[in-house]
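The values are calculated or read from the model by the stated rules, or taken from the named source; none is laboratory data. This is a predicted model, so every value here is computed, not measured. Here the Cβ is made from the backbone with ideal geometry for all residues, glycine too, and neighbour counts use every protein chain on show.
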Amino acid sequence: MNSIRNEMTAVPQATLERWLTGPRVSALPAPSRDQSVPALSFEFFPPKTEVLETQLWACIRRLEPLAPRFVSVTYGAGGSTQARTHDTVARLVTETALTPAAHLTCVGSTRAEVDEVARSYWQSGVRHIVALRGDVPGGGSYEPHPDGYAYANDLVAGLRRIADFEVSVAAYPEGHPTATSPLADLESLKRKLDAGATRAITNYFFDNANFLRFLDLCLAAGITAPIVPGIMPVSNYSQAVKFSQISGVSVPAWMGHLFAGTENDAETRRMVAAVVAAEQVRQLQANGIDEFHFYTLNRPDLTYAIAHILGVRPKVAQDAA
Ligand SMILES: Cc1cc2nc3c(=O)[nH]c(=O)nc-3n(C[C@H](O)[C@H](O)[C@H](O)COP(=O)(O)OP(=O)(O)OC[C@H]3O[C@@H](n4cnc5c(N)ncnc54)[C@H](O)[C@@H]3O)c2cc1C
């Protein structure tokens, strides 16, 4: 009898039996025409060269019809891209129908200098700032400027004194790399929101469980402002791994498994990247998340495809339908 049982277990389960008794993957949402589509925002970085500027503007023009809630432009480490960030944001105001948000950091500048930049944004018609502490250029431990805003919450308060800016701030589902504890990090986020920020945009993450757990912790801490997940479609896996190590973002083993063998096969890598990001956003959508911030890296295609999967269609085509 035992030998018969052993033989039976060695035989692979029939498809029907696997379907009836095997592990289940919960259903992902199937967007329909009646379902409300999520709100999106896109992040760009200011270009260094004319070629990169052309690439950025091609990216902006491709994503513009998706009518994002806002598009944001980063500020290089230590304010190193101040003029380029300003020029890009000013051009967004004058040449597009998009609502721009300018990133602004405190590191290495006096309050007066930061206030001046903020005032010039207001005068250019910019009404939304992503307020950040920033990092020391080239690494090294952070020391507040003696006459500067020490932390992002101080900057938020300063901006609110200057003008009626909408202010977004950063959040870290897996903790900021230098945070003394998860609780200290949560308290820091709460200080930024209490100082007048109305939204937190998270650092990117790959493991949705970490983000959803973070939402629970925010809720328990009394945070009610929207926490918008930052989504980074991975176009270069090995670079993403290196960057994630520095920024304290975990890369699940399954991702390594999915990208393994695609190092010299850009086309397959892009398809895998699209699947990974699409699955990530659809699982978040299934958990009730209805707002997403995309780190586009100034490349539109993956972001555009994932937005499409989320049910977002070009505004003109949608209006005509
Ligand atoms: C969505 C997003 C956009 C970003 N854009 C840019 C950009 O454009 N340019 C750029 O240079 N960087 C950018 N960054 C990176 C960011 O500047 C760094 O992560 C920086 O190290 C922290 O900035 P913060 O605003 O989160 O800092 P803070 O909120 O000030 O926190 C930084 C650290 O200090 C701790 N802290 C806060 N307040 C205090 C206090 N009073 N005393 C002691 N410790 C405290 C916090 O717990 C945390 O560990 C971005 C990050 C995100 C998530």
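Numbers at a glance
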read-out	value
Failed condition for R270, given (1) part of a helix (DSSP H, G or I); (2) closer than 17 Å to F205 by Cα	(2)
Restricting the stretch 174-189 to residues that are near the ligand (Cβ under 10 Å from one of its atoms), in a loop (DSSP other than H, G, I, E, B) and farther than 18 Å from C106 by Cβ, the residue that is nearest to the chain's Cα centre (by Cα)	G175
Selection within the stretch 234-261 - in contact with a Phe, Trp or Tyr (Cβ under 7 Å, 6 or more places away or on another chain), assigned to a loop (DSSP other than H, G, I, E, B) and at pLDDT below 95	none
Hits in the stretch 233-270 - residues which are among the β-branched types (V, I, T), touching a residue at least 60 places away in the same chain (Cβ under 8 Å) and surrounded by 12 or more Cβ atoms within 10 Å (Cβ to Cβ)	V249
Any hit, the stretch 123-139, residues being hydroxyl-bearing (S, T, Y) and surrounded by 14 or more Cβ atoms within 10 Å (Cβ to Cβ)	yes
Condition broken by Y121, with the remaining ones in (1) under 18 Å from E43 (Cβ atoms); (2) in a loop (DSSP other than H, G, I, E, B) satisfied	(2)
Selection within the stretch 149-160 - crowded, with 20+ Cβ neighbours inside 10 Å and in a loop (DSSP other than H, G, I, E, B)	Y149
Restricting the stretch 190-212 to residues that are more than 7 Å from the ligand (Cβ to nearest atom) and farther than 19 Å from N287 by Cβ, the residue that is surrounded by the most Cβ atoms within 10 Å (Cβ to Cβ)	A197
Elements of type strands (runs of 3 or more DSSP E) in the stretch 38-116, at least 3 residues being among the β-branched types (V, I, T) and closer than 21 Å to T198 by Cβ	none
Residues satisfying the stated conditions in the stretch 285-300, i.e. assigned to a helix (DSSP H, G or I) and either polar (S, T, N, Q) or at pLDDT 95 or above (or both)	Q285
Residue ID - farthest from P100 (Cα to Cα), chosen from residues in the stretch 150-173 that are of a type in the set (G, A, S) and within 7 Å of the ligand (Cβ to nearest atom)	A150
Long-range neighbours under 8 Å by Cβ, at least six apart or interchain, first residue touching a residue at least 24 places away in the same chain (Cβ under 8 Å) and among the aliphatic types (A, V, I, L, M) within the stretch 140-164, second away from the ligand (no atom under 12 Å from the Cβ) and assigned to a loop (DSSP other than H, G, I, E, B)	V156/G196; A157/G196; L159/F165; L159/G196
Evaluation of V130 against (1) within 29 Å of P314 (Cβ to Cβ); (2) in a loop (DSSP other than H, G, I, E, B) (one fails), failing number	(2)
